[in-house]
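The block underneath contains the structure these notes are about, expressed in structure tokens.
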Amino acid sequence: MTLILASASAVRLSLLKGAGLSVAAKPAAIDEAAIKAAARAEAADVADTALLLAEMKARRVARAAPAALVIGADQILVQGSEWFDKPADLATAAKQLRRLAGVWHELVTAIVCWRGDAVLWRHVARPRLRMRPLSEAALAAYLAAEGERVLSSVGAYRLEGPGIQLFEAIEGEYFSILGLPLLPLLGFLRQHFGCEWLSATTGEETSFTPP
């Protein structure tokens, strides 16, 4: 079974490979901004929107690889009634971090497994994070240390890097915060392939049983 990640995210690909899976990355070309704008205009639920985006990515890639198991994922940051996108530049990142400082926000993270012309599995995780209050000096120091790396994150922070210093409380699975609900996904893959342990070539069963 070929396993494909329908994403350009280096973090998601690294998480899957770190778990021992053999996976290829094939980003899906969809207009995420237009889809989100339409969803907001129709007062769509944020989880439904994240799932729709994940499904569209997976379906687009599956058209060219119908025998593969395709993983689509999407993440939307929500604070109150406001949805956040990846910042376009450092000035936007600074504005966004000021908005998130001192309050809770939610990372609505959707994942879909698609094969052929059907969804086999879908899941939504909703980790919550509270950023500590930030002085302008602390904010400037963080952005100087991270630079344009923050532009790759919907929250303008990398929790796996210096961004962890921005937070005072986190609720939810760490991997979901990074953009991929890895534990539920691995559970689905084990069930789908009928094995207790996924080897480096997805779907093969080994004699090793994890404790």
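Where a number appears in this text, it was derived from the coordinates with a stated rule and is not lab data. All values derive from a computational prediction rather than experimental measurement. Cβ: placed from backbone, ideal geometry, glycine included. Neighbour counts: every protein chain shown.
For segment 171-192, name all the residues that are more than 16 Å from the chain's Cα centre (by Cα) and buried (at least 16 other Cβ atoms within 10 Å of the Cβ).
Within segment 171-192, 188, 189, 192 meet the criteria.
So residue 83 clears everything in (1) of a type in the set (Phe, Trp, Tyr); (2) more than 20 Å from the chain's Cα centre (by Cα); (3) closer than 20 Å to residue 35 by Cβ except one condition, right? Which one?
(2) is the only condition that residue 83 fails.
Would you be able to tell me the number of residues in segment 87-106 that are within 27 Å of residue 58 (Cα to Cα) and touching a helix residue (DSSP H, G or I) at 6+ places or on another chain (Cβ under 6 Å)?
Result for segment 87-106: 1.
Which of the residues belonging to segment 36-65 are outside any loop (DSSP other than H, G, I, E, B), crowded, with 16+ Cβ neighbours inside 10 Å and hydrophobic (A, V, I, L, M, F, W, C)? Spell out how you get there, then give the answer.
The initial filter retains those residues of segment 36-65 that are outside any loop (DSSP other than H, G, I, E, B), namely 36-41, 46-62.
Checking the rest, the ones that are also crowded, with 16+ Cβ neighbours inside 10 Å come to 36, 39, 46-47, 49-62.
39, 46, 47, 50, 51, 52, 53, 54, 56, 58, 61, 62, listed by residue number.
Where the second residue is buried (at least 19 other Cβ atoms within 10 Å of the Cβ) and of a type in the set (Ser, Thr, Tyr) and the first is on the phi < 0 side of the Ramachandran plot and lies in segment 50-65, which pairs have Cβ atoms under 6 Å and are six or more apart or on separate chains?
none
Test residue 83 against the stated conditions and say whether it is more than 19 Å from residue 11 (Cα to Cα), surrounded by 15 or more Cβ atoms within 10 Å (Cβ to Cβ), touching a residue at least 24 places away in the same chain (Cβ under 8 Å) and touching a Cys at 6+ places or on another chain (Cβ under 7 Å). Give the derivation first.
Numbers: more than 19 Å from residue 11 (Cα to Cα): yes; surrounded by 15 or more Cβ atoms within 10 Å (Cβ to Cβ): yes; touching a residue at least 24 places away in the same chain (Cβ under 8 Å): yes; touching a Cys at 6+ places or on another chain (Cβ under 7 Å): no.
Considered against the rule, which asks whether it is more than 19 Å from residue 11 (Cα to Cα), surrounded by 15 or more Cβ atoms within 10 Å (Cβ to Cβ), touching a residue at least 24 places away in the same chain (Cβ under 8 Å) and touching a Cys at 6+ places or on another chain (Cβ under 7 Å), residue 83 comes out as no.
Of everything in segment 1-26, what is closer than 30 Å to residue 81 by Cβ and assigned to a loop (DSSP other than H, G, I, E, B)? Give them in sequence order.
Those that are closer than 30 Å to residue 81 by Cβ and assigned to a loop (DSSP other than H, G, I, E, B): 6, 7, 8, 9.
Taking the condition of being crowded, with 16+ Cβ neighbours inside 10 Å and of a type outside the set (Lys, Arg), how many residues in segment 12-31 meet it?
So the first thing to find is which residues in segment 12-31 are crowded, with 16+ Cβ neighbours inside 10 Å, and the list is 12-13, 15-16, 19, 21-23, 25-26, 28, 30.
Adding the requirement that they be of a type outside the set (Lys, Arg) leaves 13, 15-16, 19, 21-23, 25, 28, 30.
Qualifying residue count, segment 12-31: 10.
Please state which one of 90, 77, 69 is touching a residue at least 12 places away in the same chain (Cβ under 8 Å) and surrounded by fewer than 17 Cβ atoms within 10 Å (Cβ to Cβ).
On the way: 77 fails: surrounded by fewer than 17 Cβ atoms within 10 Å (Cβ to Cβ); 69 fails: surrounded by fewer than 17 Cβ atoms within 10 Å (Cβ to Cβ).
The conditions single out 90.
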